[in-house]
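Visitor: The structure that follows is given in the form of structure tokens.
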Amino acid sequence: LTIGESKAFVIGVNTNIDTTKLKAEDGGANVAYLKYLDAKGNVITNSKKSLSTGCTVQLMFGGEVIESYVIVVYGDINGDGQVTVSDIMKAKAMKNSTEGFSEYQIEAAKCGTESINVEMVTELAKRV
């Protein structure tokens, strides 16, 4: 996992990673812990739920949010936690225009490169 240059994203998250692999629990008033939110801002309470593009991880301390990052899963443009034909179609659409897509969806489509990378999204979809 890497914090993106803009410090707004956690990038390089694999598909099928869940919160048990990134320990998340409230350790008390004087302990830092991680809190996970789905793309709609709801707290993820099911520790086996896969994290996806658009989820948020918050660094908490004493009940306060210290830092907050949007998760980007390379290739997962639609935010369902998988890389599928739907994501390939979105990546192809982004080659023409990124209008209507969020900054984190664009990052997911770039797959760690400088521009929208349809070939990489397609390759990731084949691995699922």
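Visitor: Do you know which residues across the stretch 58-77 are part of a strand (DSSP E or B) and of a type in the set (Val, Ile, Thr)?
Guide: Passing the criteria: 65, 66, 70, 71, 72, 73.
Visitor: In this structure, does residue 80 turn out to be open to solvent by less than 40 Å² (accessible area, probe 1.4 Å), in contact (Cβ under 8 Å) with a residue 24 or more places away in the chain and charged (D, E, K, R)?
Guide: In short, no.
Visitor: OK, next. Restricting attention to the stretch 107-126, which residues are surrounded by fewer than 16 Cβ atoms within 10 Å (Cβ to Cβ), within 17 Å of the chain's Cα centre (by Cα) and of a type outside the set (Ser, Thr, Tyr)?
Guide: Within the stretch 107-126, 112 is the sole residue that qualifies.
The values are calculated or read from the model by the stated rules, or taken from the named source; none is laboratory data. Being a predicted model, the structure only gives us computed values, none of them experimental. When we count neighbours, we look across all protein chains shown, and the Cβ atoms used for this are built from the backbone with ideal geometry, even at glycine. Please note that ligands, DNA and RNA were not included when accessible areas were found on the heavy atoms of the full protein model with its side chains. Shrake-Rupley method; radii C 1.70, N 1.55, O 1.52, S 1.80 Å.
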